[in-house]
Amino acid sequence: MNNLLMREIPLRCTVRLWDTYQAEPEGFAMFHLYVCAALLLEFSRDILKEKDFQGIMLLLQNLPTAHWGNEEVSQLLAQAYQLKYMFADAPSHLSQKKQQVTILDMT
C-alpha cells in the first residue's frame, strides 16, 4: 500500500487505477482501501493455501499480476466499487473510535 499498488501491478494498469482514484469524490485514500480489499479477495485462494505468515508475505510481495491488462484492472475496480457500495450504509466499519468494554463485577 505504500506505493499505491505500483509494485503489485504493471505500469499500464497503475495508470488506469490512479485515474479512477482521481475521479473518486471522497478522494483516493478511501477508495484505495476497497481496492486493496478487492485485491486480497482476488488472491484469497492462493493466500489460504499458504501455511505460514512468511509464505503469505512472499505471495503478497510477488503477486502474479505481471500479465494483467485493462480487463483485469477493470474487474478489480468493479469488485472494489461493489465493496464500497455494500458498506456505504455502514460507515462505522471504518471508524477508529475505540469501543469501551464494560466489565461487570460478578461479586
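The values are calculated or read from the model by the stated rules, or taken from the named source; none is laboratory data. Computed from a predicted structure; not experimentally measured. We place every Cβ from the backbone using ideal geometry, glycine too, and count neighbours over all the protein chains shown. Only protein heavy atoms, including side chains, enter the accessible area calculation; ligands, DNA and RNA are left aside. Shrake-Rupley method; radii C 1.70, N 1.55, O 1.52, S 1.80 Å.
Restricting attention to the range 11-28 and to residues that are open to solvent by less than 20 Å² (accessible area, probe 1.4 Å) and closer than 16 Å to Glu72 by Cβ, the residue that is nearest to the chain's Cα centre (by Cα) turns out to be Leu17. Among the helices (runs of 4 or more DSSP H) confined to the range 29-107, the ones with at least 3 residues that are surrounded by 11 or more Cβ atoms within 10 Å (Cβ to Cβ), modelled with pLDDT of 90 or more and not hydrophobic (A, V, I, L, M, F, W, C) are located at 70-86.
Got a sec? Which of Leu11, Leu4 is of a type in the set (A, V, I, L, M) and either in contact with a Cys (Cβ under 6 Å, 6 or more places away or on another chain) or under 13 Å from Trp68 (Cα atoms) (or both)?
Working: Leu4 fails: either in contact with a Cys (Cβ under 6 Å, 6 or more places away or on another chain) or under 13 Å from Trp68 (Cα atoms) (or both).
Only one candidate passes the filter, namely Leu11.
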